[in-house]
Each structure stands twice: as structure tokens, then as C-alpha cells.
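Accompanying notes for the structure given below.
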Amino acid sequence: MTGMKIQSLPLRRTCKQAAALLVAREDRALRLADTVALRLHLLACKACPQFENQLLTMRLAMGRWRNYAGETESPDTEGLQRPD
Ligand SMILES: [Zn+2]
């Protein structure tokens, strides 16, 4: 098992696939395999984490907009943990 490399696993995703997963994740929970693959890609890629940040920023803005009456100006973690 020691010869196994990440590159040989079926977990690799292209940037296009990773972006699609990031967008899909906004609507629904990803399968575990997709979650792992996405995380691996984000670790290895420079562009996709920036795209992820944009999505998170958008989501935070939307959430704040939706319940702006509740004025929850909390840090990033709140939007991330919500199971929806
Ligand atoms: Zn990428």
C-alpha cells in the first residue's frame, strides 16, 4: 500500500470539476467521495480556493441579506457550519 500515490487515486478532479462541486455544494450536500476529492483539489490548487472564497463571500452576503432583520454580523464560521 505504500506505493499508492494521490495521483493514482480516482479522487483527482480538474479545476472545472472542482468548481462544479463547489457550486453544487451550495445547494446540496456532496457525497463523501466528492467532498474528499474536492478538499484534496483545493489543497493542491491555487485558483480554486479563491473561487471558493468568492462563493463563501457571496453566501455570507446572501444570508445576511435574507435575515438582515436579525442583524447577525458573525464571522465566517457561521455560514460554513449551517447544515441546511
Ligand atoms: Zn483547481
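Quick one: count up the residues across the stretch 1-34 that are among the polar types (S, T, N, Q) and at pLDDT 95 or above. First the steps, then the outcome.
Of the residues in the stretch 1-34, the ones among the polar types (S, T, N, Q) are 2, 7-8, 14, 17.
Checking the rest, the ones that are also at pLDDT 95 or above come to 14, 17.
Number satisfying all stated conditions: 2.
This table checks each residue for (1) assigned to a helix (DSSP H, G or I); (2) at pLDDT 75 or above.
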site: Ala37; (1), (2): yes, yes
site: Leu40; (1), (2): yes, yes
site: Cys48; (1), (2): yes, yes
site: Glu52; (1), (2): yes, yes
site: Met58; (1), (2): yes, yes
site: Ala61; (1), (2): yes, yes
site: Arg64; (1), (2): yes, yes
site: Thr72; (1), (2): no, no
site: Gly79; (1), (2): yes, no
field: Subset of the stretch 10-28 (residues that are within 14 Å of the ligand (Cβ to nearest atom) and over 11 Å from the mean Cα position of the chain (by Cα))
entry: Leu11, Arg12, Arg13, Thr14, Cys15, Lys16, Gln17
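The values are calculated or read from the model by the stated rules, or taken from the named source; none is laboratory data. Because the structure is a prediction, the values reported are computed rather than measured. Cβ atoms come from the backbone with ideal geometry, glycine included; neighbour counts cover every protein chain shown.
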